């Protein structure tokens, strides 16, 4: 569909305006929740609530539910019996369609168009809530395409649809934070000096001298750097070192180095870190281009890399200092240091180094419960056997006895101790040898000894 850019025209110039919040709607658009860092328990409870909301709305207004490819089949099955809910596949970063979806405008004569604001996850690289947000920034354009609407695209206006409220008569309610915070539109139209004739205030740049020198270097090479790098030049120039574009990487290789711009205190701290590493015999390489993915680090950051066998993705862990993080979230000044390791990458590194992993420890005993009345004593028996050095397991999901035996077999259990009400009253268990399928009655207090004799 046709796109009208701000330099060409605007909705107001073409006779279009946003209807009141309470005006009748043709359709409601929703996004299927899926982010596990936003929604607890794998987003399943949120999906249940979204489904209930969609069904309630669909009694009065058709609903289009947009789901990621990975969630499409599940979402489609959820609304299998809901005739007024349409499920479509659409890639999203999060589910807040009120903020990311198109703002529809009308001309009062049946005409309808869509406004596609710029979206950067509530603050972009300055104070945004998540990264990336590229899929969410495309939602409004996709909605315009699917509804057959002409699309308006502003040049620089960053806006969440949920940040404005209108009455359909020319009144709009919005907050300064939603429009003019440094991470939103103010970052795109940053004024160097306050101007009484404009609504845009002047925002002071908080860059250190080296960052300013780095930004000036990037400005000199603006024609050679990608658009993403030039956006980063305005908000966090250091992130340009992390660009995967080969041309950008070549240009940034000659950029000003942070190690040439350390203050006296930082230099002293950095030298102390290196002295301690040298004393501990740790081999390291100074990399002035190293950029960690989080912006709260202070002073030293580091990565642990593998020399051989991992290719380009050779980092198995990393971290750094974050001495000001506690203060930024309202706490008292607290020094901090942390790191994270990639489990899968550590495994790959060990395999590349020829390290053989020990075989999984075989289960010596599986304690099976006939019913819940014996679960407490069964758990105590498990602990007694573990304390004696035997690998012991039990079911914690209230499976049937048959299913417990299947689980024991899956775990490779050598023996299964069956404990039921009758066995508990008699102070014994039925001990089955899973290899020979023979059974014997064993006193509870003698189970550990019997396991020892069997192994010997």
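So how far apart, in nm, are the two label points at residue 107 and residue 422 if each is 7 Å from Cα heading toward Cβ?
The two pseudo-label positions are separated by 8.5 nm.
Can you give me the C-alpha center-to-center distance between region 417-456 and region 150-174, rounded to a whole angstrom?
Result: 72 Å between the Cα centres.
Can you tell me which of 384-391, 262-269 comes out highest on packing, and rank the rest after it, using the mean Cβ neighbours within 10 Å? Intermediate results must be reported in sequence, preceding the final value.
Values: 384-391: 15.1, 262-269: 12.1.
Sorting 384-391, 262-269 by mean packing, highest first, produces 384-391, 262-269.
Using a 7 Å offset from the Cα along the Cα-to-Cβ direction at both residue 439 and residue 53, what is the distance between the two label points in nm, to one decimal?
5.4
Quick check: pseudo-label points 7 Å beyond the Cα along Cα→Cβ at residue 308 and residue 275, how many nm apart are they?
Inter-label distance under the simple model: 3.6 nm.
I need 257, 362 ordered by Cβ neighbour count within 10 Å, fewest first. List each step's numbers first, then the result.
Details: 257 14, 362 10.
Ordered from fewest to most neighbouring Cβ atoms within 10 Å, 257, 362 come out as 362, 257.
Label point 7 Å out from residue 300 along Cα-to-Cβ: which residues of region 319-348 have amide N under 11 Å?
It comes to 320-321, nothing else.
When the chain is fully extended, how far beyond the present Cα-Cα distance does residue 376 get from residue 315, taking 0.36 nm per residue of separation?
On the way: separation 61, 0.36 × 61 = 21.96 nm, distance 4.56 nm.
Value of the extension gain: 17.4 nm.
Say R0 is 60 Å: what FRET efficiency, to the nearest 0.05, do residue 242 and residue 453 get from their beta-carbon distance?
Values: r = 61 Å, r/R0 = 1.02.
In this case the efficiency is close to 0.45.
If you line up the long axis of helix 209-220 against the longest principal axis of the chain, both from Cα atoms, how many degrees apart are they, to the nearest 10?
For 209-220 against the chain, the angle is about 60 degrees.
Between residue 10 and residue 40, how high is the FRET efficiency from 1/(1 + (r/R0)^6) when r is the Cβ-Cβ distance and R₀ = 41 Å? Nearest 0.05. Walk me through the intermediate numbers first.
On the way: r = 42 Å, r/R0 = 1.01.
Efficiency for this residue pair is about 0.50.
Under the √(5λ) rule applied to the eigenvalues of the Cα gyration tensor, what semi-axes describe the equivalent ellipsoid of the chain? Give them in Å, descending. Numbers along the way, then the final one.
Details: eigenvalues 602, 291, 70 Å².
Equivalent ellipsoid semi-axes, largest first: 55, 38, 19 Å.
For the ranges 435-444, 247-256, what's the packing order if you count other beta-carbon atoms within 10 Å of each residue, average per peptide, and put the highest first? Working shown, then result.
On the way: 435-444: 11.2, 247-256: 15.3.
By packing density, highest mean first, the sequence is 247-256, 435-444.
Based on the alpha-carbon gyration tensor of region 278-388 and its eigenvalue square roots a ≥ b ≥ c, which shape applies: rounded if a/c is under 1.5, prolate if not and a/b is larger than b/c, or oblate? Write out the running numbers ahead of the final one.
Values: a/c = 3.30, a/b = 1.63, b/c = 2.02.
Oblate, because a/c is 1.5 or more while a/b does not exceed b/c.
Please label the shape of region 3-186 as rounded, prolate or oblate, based on the square roots a ≥ b ≥ c of the eigenvalues of the alpha-carbon gyration tensor (a/c under 1.5 means rounded; beyond that, a/b larger than b/c means prolate, else oblate). Can you show the working numbers first?
Numbers: a/c = 1.86, a/b = 1.26, b/c = 1.47.
Note, shape of region 3-186 comes out oblate.
Any chance you could check the Cα centroid distance between region 332-358 and region 1-53 for me, in angstrom?
41
So, R0 is 35 Å and r is the distance between the beta-carbons of residue 91 and residue 341; what FRET efficiency does that work out to, to 0.05?
Numbers: r = 30 Å, r/R0 = 0.86.
Working from the Cβ atoms, E equals 0.70.
Would you mind ranking 1, 394 so that the residue whose beta carbon has the fewest other beta carbons within 10 Å leads the list?
Numbers: 1 13, 394 19.
Starting with the residue having the fewest Cβ neighbours, the order is 1, 394.
To make sure I understand, if each residue's beta carbon is the centre and we count other beta carbons within 10 Å, what order do 210, 29 fall in, fewest to most?
On the way: 210 18, 29 22.
Going from sparsest to densest Cβ surroundings: 210, 29.
Provide the gained length on full extension for the span residue 259 to residue 73, in nm with one decimal, where the gain is 0.36 nm per separating residue minus the Cα-Cα distance. Could you put the intermediate results ahead of the total?
Values: separation 186, 0.36 × 186 = 66.96 nm, distance 5.18 nm.
Length difference between fully extended and current span is 61.8 nm.
Go ahead and estimate [θ] at 222 nm for the chain from helices alone: -39,500 (n - 2.57) per DSSP H run with n ≥ 4, summed, over the residue count, rounded to 500.
Details: 17 runs with 147 residues, N = 456.
-9000 deg cm²/dmol, from helical runs alone.
Quick note: the coordinates plus some simple rules give every number you see, no bench work behind them. Quantities reported herein were computed from a predicted structural model and do not represent experimental measurements. Neighbour counts run over all protein chains shown; Cβ positions are idealised from the backbone, glycine included.
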